[in-house]
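Working notes, structure below.
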Amino acid sequence: MADTVLRVANISKRFGGLQALSDVGLTIERGQVYGLIGPNGAGKTTFFNVITGLYTPDSGTFELAGKPYKPTAVHEVAKAGIARTFQNIRLFADMTALENVMVGRHIRTGSGLVGAMLRTRKFVAEEAAIAKRAQELLDYVGIGKYTDYKARTLSYGDQRRLEIARALATDPQLIALDEPAAGMNATEKVQLRELIDRIRKDDRTILLIEHDVKLVMGLCDRVTVLDYGKQIAEGTPADVQKNEKVIEAYLGTGGH
Ligand SMILES: Nc1ncnc2c1ncn2[C@@H]1O[C@H](COP(=O)(O)OP(=O)(O)OP(=O)(O)O)[C@@H](O)[C@H]1O
């Protein structure tokens, strides 16, 4: 039996008079890279925001690794096992690269605030383990040499890598990447593709919103296409590329 990581169905979300999502659903199996594409304003970010607890949907069912979850708050969703990055990078700009990743790791540890204030032995040992793991993750995404650099001093491409390292630090069931290639140059895009491939090979599951259709088609196992909040196609990249509704949404009359 397939090992399903995310199964969501019937997600709808309205903003005033605008139906941003109508009955959207998808199923992502473990180890897949799953792409979510569509023209500007199609509802991709809204979908991400709903499944990660930033927006409250009008309807929808949600299941992560076989268990129902309620996307009512961002930290609850992170605990349940979805980690995400943002289209507009959201790092702690004045913290170091290492500290940014350590923050991600803290949701999985137990000493808490009292332990931190008293600097209990358990807390100190835990901090050392978190720092070690954070350094491994910086190495893994290829920015290990910037450990002590403040996040804001890193290049755009490296900040996106740092966001991915922070997401990985939570040991997520699913990593949701919101336009990871935005603003990257051609070399950075090649490196990003290698990184995503590597994350997948390490048995992680990825949901990807991306404007760069070539990148999506080259990387993803399956793709959903949204247009005006509706799911107009779902399938392998090869199938989706041939779909007439998709061709029309991208090239046709709409032109939005
Ligand atoms: N918080 C909000 N309040 C009102 N309308 C919103 C809100 N968020 C999104 N929308 C609207 O919902 C629709 C879908 O937007 P969304 O950002 O999800 O699309 P998208 O596919 O991510 O677009 P893009 O590719 O441009 O990022 C748009 O018409 C947008 O204006």
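Laboratory data are not the source of any read-out in this text; all were calculated from the coordinates shown. Given the structure is predicted, the values throughout are model-derived calculations rather than measurements. FYI the Cβ positions are ideal-geometry reconstructions off the backbone, even for glycines, and counts take in every protein chain you see.
List of remarks:
- Stokes-Einstein D for the range 91-171, Kirkwood Rh over Cα pairs, 10 °C, 1.306 mPa s (µm²/s): 125 µm²/s
- Here the dipole of the chain is about 640 debye; that uses its Cα centre as origin and unit charges on the Cβ of Lys and Arg (positive) and Asp and Glu (negative).
- The chain, relative contact order [Cα under 8 Å, separation at least 6], %: 27 percent
- Extension reserve of the residue 186-residue 236 stretch, reckoned as 0.36 nm per residue once the Cα distance is removed: 15.5 nm
- Legend: calculated FRET efficiency, residue 18 to residue 70, from the Cβ-Cβ distance at R0 = 22 Å, rounded to 0.05, equals 0.35.
- For a paramagnetic label modelled on residue 147 (point 7 Å from Cα along Cα→Cβ), amide N atoms under 16 Å away belong, within the range 119-138, to 127-138.
- As an equivalent ellipsoid, the chain spans semi-axes of 33, 21, 16 angstrom, where each value is the square root of five times an eigenvalue of the C-alpha gyration tensor, largest first.
- Helix 121-141 and the longest principal axis of the Cα set of the chain meet at an angle near 50°.
- Once the Cα atoms are used to define both axes, helix 186-201 deviates from the longest principal axis of the chain by about 80 degrees.
- Taking 0.36 nm per residue of separation and subtracting the Cα-Cα distance, full extension of the segment from residue 106 to residue 90 would add 4.1 nm.
- Dipole axis of the range 68-200 (+1 Lys, Arg; -1 Asp, Glu on Cβ), positive-most option in 82, 142, 157: 82
- Using alpha-carbon coordinates, inclination of helix 97-106 to the longest axis of the chain, degrees: 80 degrees
- Near the amide H of residue 222, within less than 5 Å, lie the amide hydrogens of 33, 35, all on another chain or at least 5 residues away, with H placed in the peptide plane.
- DSSP beta bridge pairing in the chain, given as percent antiparallel to the nearest 5: 60 percent
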